[in-house]
Amino acid sequence: MVVQVMRVSVALSPAEFPETPLSGRAALVVDVLRATTAAVAACEAGCRRLVPAPDAAAALALRDGPDTLLAGEQGGEAIAGFHLGNSPAEFTRARVAGRTVVLTTTNGTAAMLAAAGAAAVGLAALTNVTAAARWALLQGRDVSILCAGDNGAFSLEDAVCAGMLVARLADGAPGAALSEGAMAALGLGRYYATRLGRIGEDSPWARKLRRLGRAADVAACLRADVSLVVPALSAGGFVAHRPDATEVSAVVPARPGARGAESDA
């Protein structure tokens with residue numbers, strides 16, 4: 001059943017996850033630098049599924065033969081003995097097509113696992129921000145957006161992406177009711193939407209990645225709408241979905257505008 005007024009909540013950091021409603025909702029997990037961007041790249045390249053793991057030991061335990069690839073990072077650095085790091089550029093068709101990717105990262109995979117209580121879970125990044133909003137609208141549910149953050153704290157790039165998602169959700173859902181976090185993210189999204197490159201200077205995590213020699217990753221992650229793929233959770237792993245804009249209009253008629261902060265997010 002389609003909700004009459006879509007309610008949109010945003011958790012701006014993991015500290016807000018416990019109070020963020022998930023039951024019966026569609027959840028979007030955001031970790032722009034770099035977990036969800038890498039996941040989008042992996043699904044775009046044809047991986048069979050992407051499985052999040054809380055740490056390296058858990059990832060190793062999930063390895064199941066030569067068709068399983070271990071990927072991830074700790075503190076921004078690749079994990080010794082893993083097949084892949086967390087750079088979106090590493091997830092090429094030649095490396096991952098038809099294979100399962102087990103991913104563990106400092107921030108993103110914890111947020112993916114935290115979202116598991118939602119009725120539907122998708123992964124969003126700047127690279128698929130419009131497709132991710134379409135996917136969420138197609139669920140016909142209230143939406144919660146979880147920002148993976150920076151070691152438990154607020155992350156500028158995730159909040160900006162969340163705000164851009166909120167803008168697209170509000171444009172697609174009549175009179176969407178926004179939580180205080182969603183309203184705050186919306187303001188950041190509006191400011192940075194036309195100056196995404198600026199995040200590379202303003203974000204502490206982006207600056208750290210550049211110091212680690214990952215400037216190319218930062219640039220790749222700070223691009224909007226280069227993919228139509230949304231990784232969506234199914235049987236413990238994320239698989240590629242390609243939501244169609246025409247399907248969205250059949251679920252909720254497009255109408256701009258959003259209501260103020262929810263009292264019951």
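The values are calculated or read from the model by the stated rules, or taken from the named source; none is laboratory data. Not measured: the values here are computed from a predicted model. Reconstructed Cβ throughout: ideal geometry from the backbone, glycine too, with neighbour counts over all protein chains shown.
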Among the candidates V5, V30, single out the residue that is modelled with pLDDT of 95 or more and among the aliphatic types (A, V, I, L, M).
V30
Close pairs (6 angstrom Cβ cut-off, 6 or more residues apart or separate chains): under 19 Å from L33 (Cβ atoms) in region 78-99, of a type in the set (D, E) and buried (at least 20 other Cβ atoms within 10 Å of the Cβ) anywhere:
G85/E73; N86/E73; S87/D217
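Please find, among A170, A133, the residue that is under 15 Å from A27 (Cβ atoms) and small (G, A, S).
Numbers: A170 fails: under 15 Å from A27 (Cβ atoms).
Just a single option satisfies the conditions, and that option is A133.
Residues are listed down the side, and each one gets a yes or a no for (1) of a type in the set (S, T, Y); (2) in a helix (DSSP H, G or I); (3) surrounded by fewer than 23 Cβ atoms within 10 Å (Cβ to Cβ):
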{"residue": "V5", "(1), (2), (3)": "no, no, yes"}
{"residue": "V8", "(1), (2), (3)": "no, no, no"}
{"residue": "P18", "(1), (2), (3)": "no, yes, yes"}
{"residue": "L28", "(1), (2), (3)": "no, no, no"}
{"residue": "V32", "(1), (2), (3)": "no, no, no"}
{"residue": "A41", "(1), (2), (3)": "no, yes, no"}
{"residue": "A71", "(1), (2), (3)": "no, no, no"}
Number of positions in region 78-94 that are part of a loop (DSSP other than H, G, I, E, B) and either on the phi < 0 side of the Ramachandran plot or among the basic types (K, R) (or both):
9
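Looking only at region 205-231, count every residue that is on the phi < 0 side of the Ramachandran plot and more than 19 Å from the chain's Cα centre (by Cα) and tell me the total. Write out each step before concluding.
From region 205-231, those on the phi < 0 side of the Ramachandran plot are 205-212, 214-224, 226-231; that's our starting set.
Those left that are additionally more than 19 Å from the chain's Cα centre (by Cα): 207-208, 210-212, 214-216.
Going through region 205-231 one residue at a time, the tally reaches 8.
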Scan region 108-151 for residues that are in contact with a Phe, Trp or Tyr (Cβ under 7 Å, 6 or more places away or on another chain) and either farther than 15 Å from T20 by Cβ or among the small types (G, A, S) (or both) and jot them down.
A114, G122, L123, D150
